[in-house]
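> The structure under discussion is supplied below as structure tokens; questions concerning it will follow.
The values are calculated or read from the model by the stated rules, or taken from the named source; none is laboratory data. Computed from a predicted model, the values in this text were never measured in an experiment. Backbone-built Cβ (ideal geometry, glycine too); neighbour counts: all protein chains shown.
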Amino acid sequence: MLPAAKAGIASHVDINISDVVAEVTAAFDRYERALNDNEVKTLDDSFWASPHTVRYGQAENLYGSDEILEFRKGRSSVGIKRRLLRTVITTFGRDFATASCEFQRIESGRRGRQMQTWTRMPEGWRVVAAHVSWFDAPA
């Protein structure tokens with residue numbers, strides 16, 4: 001655990017409390033498995049069920065959990081499998097975290113990046129905001 005002051009943050013928030021990092025990592029790993037297997041229910045459960053949830057995707061901007069779910073249901077599962085190249089999970093206190101990763105599509109080799117904001121809700125850790133983009137322009 002790195003105290004916020006040592007991380008250059010002027011507050012009393014503890015950074016990367018080990019048990020919180022483990023919780024967020026488990027939630028992130030569950031999401032990643034569901035993404036690769038196109039398990040729409042698990043993906044939906046990973047996001048905060050709120051009109052305030054935002055997901056900016058490769059070619060779509062989705063506002064609210066209903067739009068995100070409709071996108072997931074309508075998306076083809078062809079070529080979505082990916083491998084993670086680098087992942088950074090950072091927690092702030094016990095209830096807030098970010099998860100950032102670089103990934104590569106297994107089929108095409110195309111590289112992208114993803115950032116998620118996770119918050120602890122009464123029902124568990126949920127993504128409240130996400131952004132996914134490619135490193136390069138589409139071929």
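> Based on this model, can you work out whether Thr87 counts as surrounded by 15 or more Cβ atoms within 10 Å (Cβ to Cβ), in contact with a strand residue (DSSP E or B) (Cβ under 8 Å, 6 or more places away or on another chain), outside any helix (DSSP H, G or I) and not basic (Lys, Arg)?
yes
> Still on this structure: Could you tell me whether segment 41-50 includes any residue that is in contact (Cβ under 8 Å) with a residue 12 or more places away in the chain and in contact with a Phe, Trp or Tyr (Cβ under 6 Å, 6 or more places away or on another chain)?
yes
> Could you run through segment 54-93 and say how many residues are in contact with a Lys or Arg (Cβ under 8 Å, 6 or more places away or on another chain), farther than 15 Å from Arg105 by Cβ and of a type in the set (Val, Ile, Thr)?
Going through segment 54-93 one residue at a time, the tally reaches 1.
> For segment 66-114, how many residues are touching a residue at least 24 places away in the same chain (Cβ under 8 Å) and among the polar types (S, T, N, Q)?
5
> While we're looking at this one, here's another question. For the subset of segment 13-64 comprising residues that are in a loop (DSSP other than H, G, I, E, B) and hydrophobic (A, V, I, L, M, F, W, C), which member is surrounded by the most Cβ atoms within 10 Å (Cβ to Cβ)?
Among those that are in a loop (DSSP other than H, G, I, E, B) and hydrophobic (A, V, I, L, M, F, W, C), it is Trp48.
> Let me ask something else about it. Of the residues in segment 30-60, how many are among the hydrophobic types (A, V, I, L, M, F, W, C) and closer than 18 Å to Val78 by Cα?
Matching residues across segment 30-60 total 5.
> Which of the following residues is hydrophobic (A, V, I, L, M, F, W, C) and closer than 15 Å to Val54 by Cα: Ala129, Ala97?
Within the list Ala129, Ala97, the selection yields Ala129.
> Looking only at segment 91-110, how many residues end up being under 16 Å from the mean Cα position of the chain (by Cα), part of a strand (DSSP E or B) and not aliphatic (A, V, I, L, M)?
9
> Enumerate the pairs (first residue in segment 22-36 and within 13 Å of Thr87 (Cβ to Cβ); second residue anywhere and of a type outside the set (Lys, Arg) and in a helix (DSSP H, G or I)) with beta-carbon separation below 6 Å, excluding pairs fewer than 6 apart on the same chain, so at least 6 apart or on different chains.
Listed by first residue and then by second, the contacts come to Tyr31/Ser46.
> Checking the structure you have, find out if any residue of segment 62-69 is among the polar types (S, T, N, Q) and over 14 Å from Leu43 (Cβ atoms).
Within segment 62-69, none of the residues are among the polar types (S, T, N, Q) and over 14 Å from Leu43 (Cβ atoms).
> Within segment 77-88, does at least one residue satisfy the condition of being at pLDDT 95 or above, within 19 Å of Ala22 (Cβ to Cβ) and of a type in the set (S, T, N, Q)?
yes
> Collect the residues in segment 120-136 that are of a type outside the set (S, T, N, Q) and more than 12 Å from the chain's Cα centre (by Cα), keeping them in residue-number order.
Matches in segment 120-136: Arg120, Met121, Pro122, Glu123, Gly124, Trp134, Phe135, Asp136.
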